[in-house]
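Student: Encoded as structure tokens, here's the structure I'll be asking about.
Read-outs throughout are calculated quantities, based only on the coordinates presented, and are distinct from any laboratory measurement. Everything numeric here is computed off the predicted structure, so don't read it as measured data. Every residue, glycine among them, receives a Cβ derived from its backbone with ideal geometry; neighbour counts consider all protein chains shown.
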Amino acid sequence: MKLIRPIAAALVLLAASHATAQQAPAPKLVVVISVDQFSADLLAEYRGQFREGFARLLSGAVFPAGYQSHGATETCPGHSTILTGARPARTGIIANDWTDFTAPREDKTVYCSEDTSVPGSSSNNYTVSDKNLKVPTLGEWMKLANPGSRVVSVAGKDRAAVMMGGHKVDELWWWGGKGFVSYAGRAEPAMVTRMNAGIAERVATAQPAMDLPAFCEPRSRPIAIGGGQTVGEGRFAREAGDYRAFRASPEFDESILALGAGLFADMKLGQGADTDLLILGASATDYIGHSVGTRGSEMCLQMFALDHTLGQLFAVLDKSGVDYVVALTADHGGLDLPERSGEAGSVGGGRVDRALIAGNMGKEIAAKLGLKAPVLHGGSFGDVYVDPKLTPAQRKAVLAEATARYTAHPQVKAVFTRAQVAATPKPKGPPESWTILEELNQSYDPARSGDLLVVLQPRITPIVDPTKGYVATHGSVWGYDRRVPILFWRKGMTGFEQPLGVETVDIAPTLAGVLGLKVPVEIDGKCLDLDPGPGDTCK
């Protein structure tokens, strides 16, 4: 039965043929993989079905209760933790977007991976940049110790590639909508050119529905989301020219990992005097989760496909003879769409009330206080900003009224002022024991965070209308969004599983320990011992 469309099979084989064998007593290549929206719940659900790439990783060091420990469980903050060893309060990446009233343009929304100083830019039409990331990454630590180390970052999203790659990369490529792109002025490697041409040819041809494994069949049933639309029984059939459907399909991750394999081969990563770093951001799971939810036939197919694609990547690396270590995790978890959860009997949850959107809330407050709107900026949860044009007295009145209104709403768990969040001590215990305030404190930046931080009740989905775009999302302080797997593998290592909570900020110092590298900056994470025997990764 054919589960994968091998759009990059020829390129993967090409990558394998280019690589040459070389063994070394210490790892010569570090491979870090982030699977966007790969929750601990997804790992638990499909763990018994994995036979290829995931199966290999599960034979290594397994931390099933990894945590994106902070409160802002979005893509950009999550990726900023993986290779910096630092939580968002230190990285400065508090969300995918935030409000900066001092931004030098009319649009005061700042996208996490942009340069707001570029003339004519906006948060929707931006120039990709690493300038908002305040800390160095593992790749930069490696280059500081050994200037010959090379860093390659490839991802389906610019924010994933940038936040994991950092400020000093040799190659950095992300999906630009119809092909992989990079910073302006960078030469395009032949591998990228071939990949983009192969994708264009593939997308130009309509694709039939994928075969459904028997394990997925019970998950295939239509879930009504309104307007006569359903999700839950898709199999990734695609019309010719539909790049959006390509992005939300297993083919997308196959192209990302194949490009990484090709660059590995062409650049002979892991075959120089110094250890190299290959970073891969697989984004399809997130696009699928947002578009159709996490528990239908679509996600089931994606899990089987990604297992196979990871297996292909590892086969290329194995054939090269390079000694490599792998770490795999995720930037956040996710919540299934409430329509399916309701059918399954889940208590509570639902779609967010439009009244909680900051602009709508602000209009009501402005009318009551006799002020000119807008007085509030932001979304339906998370950071909410008070308009800086208000006088101190008006600001105080707006904050008081907003706090009272949010607190009284049944879909709101809590609302905190920035002063409350800032005054909260840094947490000391394991991430699963943190309070909500402690979680929020670790994604708080005084220059970027809101005046109020609104926390929705568990299982409230901050998408009002699923017929207008995405049907499900993430971003909350709750465990389903915070818990992610953390997996390490290296040939010859003794496998073990540690069920206690650890953090994604522990990944970078752990890899530094594997490399015998001193961490050159203050971080939040700790080294995890990957040797269950008498040895110690963290010496």
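Student: Under 10 °C and 1.306 mPa s, how fast does the range 262-331 diffuse according to Stokes-Einstein, given a Kirkwood radius computed over C-alpha pairs? Answer in µm²/s, whole number.
Tutor: Diffusion coefficient, whole number: 113 µm²/s.
Student: Next question, about the same structure. Given 368/389; 389/468; 28/428, which pairs have Cα atoms separated by over 24 Å?
Tutor: Flagged as over cut-off: 389/468; 28/428.
Student: OK, next. How large is Rg over Rh for the chain, taking Rg from the Cα atoms and Rh as the Kirkwood inverse mean of 1/r across Cα pairs?
Tutor: Taking Rg over the Kirkwood Rh, I get 0.96.
Student: Now for a different question. Helix-only estimate, please: 222 nm mean residue ellipticity of the chain, summing -39500 (n - 2.57) across DSSP H runs of length 4 or more and dividing by its residues, to the nearest 500.
Tutor: Rounded to the nearest 500, the figure is -9500 deg cm²/dmol.
Student: If you don't mind, there's one more thing I want to ask. If each Cα of the range 157-228 is one equal point scatterer, what is log10 of I(q)/I(0) from the Debye formula at q = 0.14, 0.15, 0.16, 0.20 Å⁻¹?
Tutor: -0.72, -0.77, -0.80, -0.90
Student: Which three lengths, in whole Å and largest first, does the range 380-518 cover when its Cα atoms are put on their principal axes?
Tutor: Principal-axis extents of the Cα atoms in the range 380-518, largest first: 64, 40, 25 Å.
Student: Report the dimensions of the range 241-397 along its three principal axes from the alpha-carbon atoms, largest first, rounded to Å.
Tutor: The principal-axis extents, from largest down, are 71, 45, 34 Å.
Student: Measuring from label point to label point, each 7 Å out along Cα→Cβ, what is the residue 464 to residue 55 span in nm?
Tutor: 4.8 nm
Student: Which net charge results for the neighbourhood of residue 520, defined as the other residues with beta-carbon distances under 11 angstrom from its beta-carbon, given Lys and Arg at +1 and Asp and Glu at -1?
Tutor: 0
Student: Relative to the first principal axis of the alpha-carbon coordinates of the chain, what is the inclination of helix 250-267, with its axis defined by its Cα atoms, in degrees from 0 to 90 and to the nearest 10?
Tutor: 50 degrees
Student: Show me the GluC sites (Glu not before Pro) within the range 238-313 that DSSP assigns to loop and that have at most 12 other Cβ atoms within 10 Å of their Cβ.
Tutor: Sites meeting the loop and neighbour criteria: 239.
Student: Based on the mean of other Cβ atoms within 10 Å per residue, sort peptides 517-530, 266-279 so the most packed one is first.
Tutor: Taking the mean over residues of other Cβ atoms within 10 Å, the ranking is 266-279, 517-530.
Student: Dividing the alpha-carbon radius of gyration of the range 343-456 by 2.2 N^0.38 Å (N being the number of residues), what value is obtained?
Tutor: After normalising by residue count via 2.2 N^0.38 Å, the value is 1.15.
Student: Determine the sum of side-chain charges near residue 390: Lys and Arg each +1, Asp and Glu each -1, restricted to other residues whose C-beta is under 10 angstrom from that of residue 390.
Tutor: My count for the surroundings of residue 390 gives +3.
Student: Taking Cα atoms, how many degrees apart are the long axis of helix 358-369 and the longest axis of the chain, rounded to 10 and kept between 0 and 90?
Tutor: For 358-369 against the chain, the angle is about 10 degrees.
Student: May I ask which of 426/518; 131/539; 372/413; 319/539; 268/491; 363/396 have a Cα-Cα span longer than 22 Å here?
Tutor: Distance filter (> 22 Å) returns 426/518; 131/539; 372/413; 319/539.
Student: Give me P(r) over the range 195-308, computed from all C-alpha to C-alpha distances, binned every 5 Å, as integer percentages.
Tutor: Over the range 195-308, the share of Cα pairs per 5 Å bin runs 2, 11, 19, 19, 17, 12, 8, 6, 3, 2, 1, 0, 0 percent.
Student: Now a separate question. Stokes-Einstein D for the range 203-249 at 25 °C, 0.890 mPa s, Kirkwood Rh over Cα pairs, in µm²/s?
Tutor: The diffusion coefficient I find is 205 µm²/s.
Student: Here is a further query. May I ask you to order 115-125, 499-509 by the average number of other C-beta atoms within 10 Å around their residues, highest value first?
Tutor: In descending order of packing, they fall as 499-509, 115-125.
Student: Mind computing the radius of gyration and Dmax over the alpha-carbon atoms of the range 396-451? Å is fine for both.
Tutor: 12.6, 38
Student: Report, by chain and number, residues whose modeled amide H sits under 5 Å from the one on residue 376, excluding near sequence neighbours (fewer than 5 apart, same chain).
Tutor: Amide H neighbours of residue 376, under 5 Å, 5+ apart: 362, 387.
Student: How large is ³J(HN,Hα), in whole Hz, for each residue of the range 201-206 in order, when computed from phi with the Karplus curve 6.51 cos²θ - 1.76 cosθ + 1.60 and θ = phi - 60°, using x for Gly and Pro?
Tutor: 5, 5, 5, 5, 10, 4
Student: In whole Å, how far is the Cα centre of the range 407-457 from that of the range 63-107?
Tutor: After rounding, the separation between the Cα centres reads 14 Å.
Student: Still on this structure, please answer the following. Could you work out Rg/(2.2 N^0.38 Å) for the range 456-539, with Rg from alpha carbons only?
Tutor: Compared with the compact-globule rule of thumb, the range 456-539 sits at 1.54.
Student: For the range 114-158, report the translational diffusion coefficient in µm²/s to the nearest whole number, using Stokes-Einstein at 10 °C, 1.306 mPa s, and a Kirkwood Rh over Cα pairs.
Tutor: Once the numbers are plugged in, D ends up at 125 µm²/s.
Student: Whose amide H sits under 5 Å from the amide H of residue 154, counting only residues 5 or more places off or on another chain, with H placed in the peptide plane?
Tutor: HN-HN under 5 Å from residue 154: 173, 279, 280, 281.
Student: Students often check this: by mean Cβ neighbours within 10 Å, which of 429-435, 411-417 ranks highest, and how do the rest follow?
Tutor: Listed from highest to lowest mean packing, they are 411-417, 429-435.
Student: Here is a further query. Tell me, how many Å apart are the Cα centres for the range 110-172 and for the range 241-272?
Tutor: The two parts, judged by their Cα centres, are 19 Å apart.
Student: Using alpha carbons only, how many degrees (0 to 90, rounded to 10) separate the axis of helix 9-18 from the longest principal axis of the chain?
Tutor: Roughly 50 degrees between the two axes.
Student: Let me know the Kirkwood hydrodynamic radius for the range 299-349, please, with Cα pairs as the basis and the value in Å to one decimal.
Tutor: 14.4 Å
Student: So, counting K/R as plus one and D/E as minus one, what does the shell of residues with Cβ under 12 Å around residue 186 add up to?
Tutor: Result for the neighbourhood of residue 186: -3.
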